[in-house]
Amino acid sequence: MAALVEFCRLKPDYYNIYVDDVLTFENQPVVLMGVFNSKYGGGGMNLSPFSVLNDGMLEVLLLTKKASFGELVKVMDEALKL
């Protein structure tokens, strides 16, 4: 619970994001970034439900704005339904 409260206090850092050497996002605010190559992490939590371990691809998650506690609970609830 304390981790979720702290997460809601995060401030964004700003990044230039390149995909295949092409600037895709310039000065993009990022509060949280996750890079996944499999579905599960953190002791078996389903963090990236559409990732496939042996497809040679990475899934990238960018949270670009601060989220309230209620918004985080909603996102987590939706992820559990997948």
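Just so you know, all these numbers are worked out from the coordinates, no wet-lab data involved. Keep in mind that what you see is a predicted model, and the values were worked out from it rather than measured. Positions of Cβ are backbone-derived with ideal geometry, glycine not excepted, and every protein chain shown enters the neighbour counts.
Brief remarks on what is shown
- Taking amide H positions as modeled 1.01 Å from N, with prolines and chain starts lacking one, the residues under 5 Å from residue 32 and 5 or more places away or on another chain are 63.
- In this structure the amide hydrogen of residue 25, modeled in the peptide plane, comes within under 5 Å of the amide hydrogens of 17, none closer than 5 places in sequence on its chain.
- Karplus-derived 3J(HN,Hα), 6.51/-1.76/1.60, for each residue of the stretch 44-51, Hz, glycine and proline x: x, 6, 7, 8, 9, x, 9, 6
- The percentage of C-alpha pairs in the stretch 1-60 whose separation is greater than 12 Å is 75%.
- Positive-end residue, the stretch 2-80 charge dipole about Cα centroid, Cβ charges, pick of 7, 19, 53: 7
- Restricting the chymotrypsin sites (Phe, Trp or Tyr not before Pro) of the stretch 1-74 to loop positions (DSSP other than H, G, I, E, B) with no more than 12 neighbouring Cβ atoms within 10 Å leaves 50.
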